[in-house]
Amino acid sequence: MNISVLVSNKGTGSNLLAILEKGFQVKIVIADSQDAPGIKIAKDKKIKYKVLPYLRPKNVEVSEYRNQYSKAIGKILKDNKIEIAVLAGFNRILTKPYFETFLGTTINIHPGAIPDRKDEPYRFEDGTIAPWNQGMMTEHAVANFLQLKFATSTIHVVTEEADFGPILKRVFVRVEPKDTIDTLYKCLKFAENQGLIDVLKNLDL
């Protein structure tokens, strides 16, 4: 599989490291900023990388620039013959031109319970509704689990609708009474890393 990992300075690079440590070959790492931890990992591991800063000119509308940026990301993937793109802390919304340009599979790890159907929320094993956390930044999403018994992240196929798409795997951790956002996210992140590897091992292109 030709894999690309998309990162930003909002992530830690742990998913990229997990992929590499399990022997998967990452062809190119793409970031929206030079200071993304994933770029340092790419340099250390001698992996090809590309930094495409998200810098919207004042005379360009937000939606127009987002489309331009999305198409540029898609073109990098297409030109490098990528089959699987993994969004690992990449915090840019990808719009229609991305999906029209890059025809491979794009995978995201979302800190929330993406439902199978929009009209039916996912429920934990104790019957409580699991927060979807659609469109939320990671810290706010993780905070929504602190008063519950469980936390979950969803590994899914990316579609034009943010934080929604076919479910590949859900991972779960128990919320402890003394958990904070940081401690809970650390546990959830470890589960995400393992879940992502399972998905990549079993992905049928």
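Only the coordinates and a few stated rules stand behind these numbers; no lab work does. The structure displayed is predicted, hence computed values, not measured ones. Note that we place each Cβ from the backbone using ideal geometry, even for glycine, and neighbour counts take in every protein chain shown.
Remarks
- When Rg and the Kirkwood radius Rh are both evaluated on Cα atoms of the chain, their ratio Rg/Rh stands at 0.96.
- Computed per residue of the chain from DSSP H runs no shorter than four, each worth -39500 (n - 2.57), the mean residue ellipticity at 222 nm is -10000 deg cm²/dmol.
- Packing-based ranking of 90-100, 159-169, 116-126 yields 90-100, 159-169, 116-126, ordered from highest to lowest mean Cβ neighbour count within 10 Å.
- When only Cα pairs below 8 angstrom with a gap of at least 6 residues are kept, the chain shows a relative contact order of 18 percent.
- Gain on full stretching of the segment that runs from Asp182 to Leu52 - 0.36 nm per residue minus C-alpha separation: 43.9 nm
- Radius ratio Rg over Rh of segment 43-153, counting only Cα atoms, Kirkwood formula for Rh: 1.05
- Based on Cα contacts under 8 Å between residues 6+ apart, segment 114-205 shows a relative contact order of 23 percent.
- Axis angle, to the nearest 10 degrees, between helix 62-79 and the longest C-alpha principal axis of the chain: 80 degrees.
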